[in-house]
Amino acid sequence: MSVVFVPKRQRGKAEINQEIIQRLLDENDQLVKCIAEYMQRGRATECVQYQQILHRNIVYLGTIADASPDTPSETTETQENGE
C-alpha cells in the first residue's frame, strides 16, 4: 500500500504540502515503470495491483488539484494566452 495515502479515519486532518505531492509523483513514476516492465514480460496479471495503486494516487492528486485554488502562475499563463 502507498505510504502517502491517507487512511479514511485521518482524512481532512492531513496537511497537503509540496513534499507529499512530490512523493506521490515519484511513486507514480516508479509504478508506471514497474507496470511497463511487467507488461513487456507478458505478466499482465501481476501488474494489476500496481495499476490499482497508480489509479488511487492519480485520483487523490486530482482531488487535491480540484480543491486547491488557482495559483498565480496559472492565472498569469491564462492571461498571456488570451483566454
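Site pair R56 and M39 shows an inter-label distance of 2.1 nm when each label is modelled 7 Å from Cα along Cα→Cβ.
Rolling a 1.4 Å probe across all protein chains gives I16 an accessible area of roughly 80 Å². Note on exposure: E46, E19, E37 ranked by accessible area (1.4 Å probe, complete protein assembly) read E19, E37, E46, with the most exposed listed first.
Measuring only protein heavy atoms, the 1.4 Å probe finds Y60 accessible over about 40 Å².
The values are calculated or read from the model by the stated rules, or taken from the named source; none is laboratory data. The shown structure was predicted, so the numbers you read here are calculated from the model rather than taken from an experiment. Neighbour counts are summed over all protein chains in view; Cβ atoms, including those assigned to glycine, are modelled from backbone coordinates with ideal geometry. What goes into the accessible areas is simple: the full protein's heavy atoms, side chains included, and nothing from ligands, DNA or RNA. Shrake-Rupley method; radii C 1.70, N 1.55, O 1.52, S 1.80 Å.
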